[in-house]
Amino acid sequence: MTLTVVDMHTGGEPLRIVTGGYPEIPKGTILEKRAYVRDHLDHLRKLLIFEPRGHYDMYGALLVEPDLPGADLAVLFMHNEGYSTMCGHAIVALGRYAVDEGLVVKQEPITTVNIEAPCGLVVASVEVQDGRAGAVSFESVPAFLFARDQRIELPGYGAIGFDVAYGGAFYALADCHQFGLEFGRNRVRDFVDAATALTDRLKADFRLSHPDHADLAFLYGTILTDGKNAFSGEVTKNICVFAEAEVDRSPTGSGVTARLAAMHARGQIAIGQTRTFESIAGSRFSGAVARTAKAGPHEAIVARVGGRAYYSGRTEYIVEPDDELGRGFLLR
């Protein structure tokens, strides 16, 4: 078995793009492809994402044939737990990758790349200068505040207030100070433990729904923020802990989208205002509300999120027949 990949990162968050070695994926909708890969090819996800080739916080992308009209490519996202429905840092990297690899016709100063994700069509705008792809921004599917001003008793932390918002995936949003945490003072591990405790509790007790498809109605993770939600020129910090306690090194594209939806619903940001979001690693995304929209019964927005991706390697992976550990394992 031989698998080839291109490695990139966006704001420090890795993306392992599969370029060869996967078997053909049957035709169908993107959610059907996601289900097929999950049910029949999950050993390949573990091989690429888990040790010894990856690590607990590795992230991957498998390009598949698009099903939506107008899509230039389609993608399935992979992480330590399974398969996401949306990933903004991956979209930023794939926008640049699509231009560099000739998957779309290169145009200056902006090349548009239409990417079909499991959540729907995401439109990436890639800056191109002197033939070289640079920064990327994207507009994702309608995002909305699903539940506002919720409260729950969390063992070890007490009463915790939170919102739940959708930005291509569902997140719980909570001010980190409620957990006794502060950016720049506490360990990443402390943030992970707090976010995971909230995620686990809500997965058990909080029911979600999505107007488009039941497969989209799951809590992807928790985003702990610095509480600076009202618009200003000041940078706002957050950490996203998703999947199986995986830590996003970037500000999280779908998470920034969800935060913008919640901010707009609360009257904290207006259309056209641009905010800067900073990750636990210090990397930054821009985020703005491009326009309002509807998502079934929900008042929604379309957000524009921007960042930059870089290449870090091109690799060929093999598995020897008698290498059991080579098939993938995780240590934390």
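So here's what we get for this one:
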{"read-out": "Pairs, first at positive phi and touching a residue at least 24 places away in the same chain (Cβ under 8 Å) in the range 22-37, second outside any helix (DSSP H, G or I) and open to solvent by 20 Å² or more (accessible area, probe 1.4 Å), C-beta under 8 Å, six or more apart", "value": "Gly28/Asp67"}
{"read-out": "Single unsatisfied condition, Gly134 versus (1) closer than 27 Å to Val241 by Cα; (2) in a strand (DSSP E or B); (3) over 13 Å from the mean Cα position of the chain (by Cα)", "value": "(1)"}
{"read-out": "Those residues of the range 173-217 which are in contact with a strand residue (DSSP E or B) (Cβ under 9 Å, 6 or more places away or on another chain), part of a loop (DSSP other than H, G, I, E, B) and open to solvent by less than 70 Å² (accessible area, probe 1.4 Å), in sequence order", "value": "Leu181, Phe183, Phe206, Leu208, Ser209, His210, Pro211, Ala217"}
{"read-out": "Matching residues, the range 32-73, being surrounded by fewer than 18 Cβ atoms within 10 Å (Cβ to Cβ), among the hydroxyl-bearing types (Ser, Thr, Tyr) and under 20 Å from the mean Cα position of the chain (by Cα)", "value": "Tyr56"}
{"read-out": "Search result, residues across the range 232-282 that are surrounded by fewer than 24 Cβ atoms within 10 Å (Cβ to Cβ) and within 20 Å of Leu181 (Cα to Cα)", "value": "Glu234, Val235, Thr236, Lys237, Ala245, Glu246, Val247, Arg249, Glu278, Ile280, Ala281, Gly282"}
{"read-out": "Lone qualifier among Ile318, Ile280 - being touching a Leu at 6+ places or on another chain (Cβ under 9 Å) and more than 28 Å from Ser209 (Cα to Cα)", "value": "Ile318"}
{"read-out": "Residue within the range 17-31 that is part of a loop (DSSP other than H, G, I, E, B), open to solvent by less than 50 Å² (accessible area, probe 1.4 Å) and among the hydroxyl-bearing types (Ser, Thr, Tyr) present", "value": "yes"}
{"read-out": "Criterion violated by Pro321 - all others in (1) over 30 Å from Leu47 (Cα atoms); (2) in a loop (DSSP other than H, G, I, E, B); (3) open to solvent by 30 Å² or more (accessible area, probe 1.4 Å) satisfied", "value": "(1)"}
{"read-out": "Residue list for the range 84-116, filter: open to solvent by 20 Å² or more (accessible area, probe 1.4 Å) and within 21 Å of Glu32 (Cα to Cα)", "value": "Asn114"}
{"read-out": "Flag if Phe231 is closer than 28 Å to Ala159 by Cα, in a loop (DSSP other than H, G, I, E, B) and either without any contact (Cβ under 8 Å) to a residue 24 or more places away in the chain or not small (Gly, Ala, Ser) (or both)", "value": "yes"}
{"read-out": "Output for the range 293-311, where each listed residue is open to solvent by less than 80 Å² (accessible area, probe 1.4 Å) and either among the polar types (S, T, N, Q) or part of a loop (DSSP other than H, G, I, E, B) (or both)", "value": "Gly296"}
{"read-out": "The range 283-292: number of residues that are farther than 13 Å from Glu13 by Cβ, open to solvent by 10 Å² or more (accessible area, probe 1.4 Å) and not basic (Lys, Arg)", "value": "4"}
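The values are calculated or read from the model by the stated rules, or taken from the named source; none is laboratory data. Just so you know, these numbers come straight off a predicted model, no measurement behind them. Quick reminder, even Gly has a Cβ in these numbers, built from the backbone with ideal geometry, and neighbours come from all protein chains shown. For accessibility, only protein heavy atoms count, side chains too; no ligands or nucleic acids. Shrake-Rupley method; radii C 1.70, N 1.55, O 1.52, S 1.80 Å.
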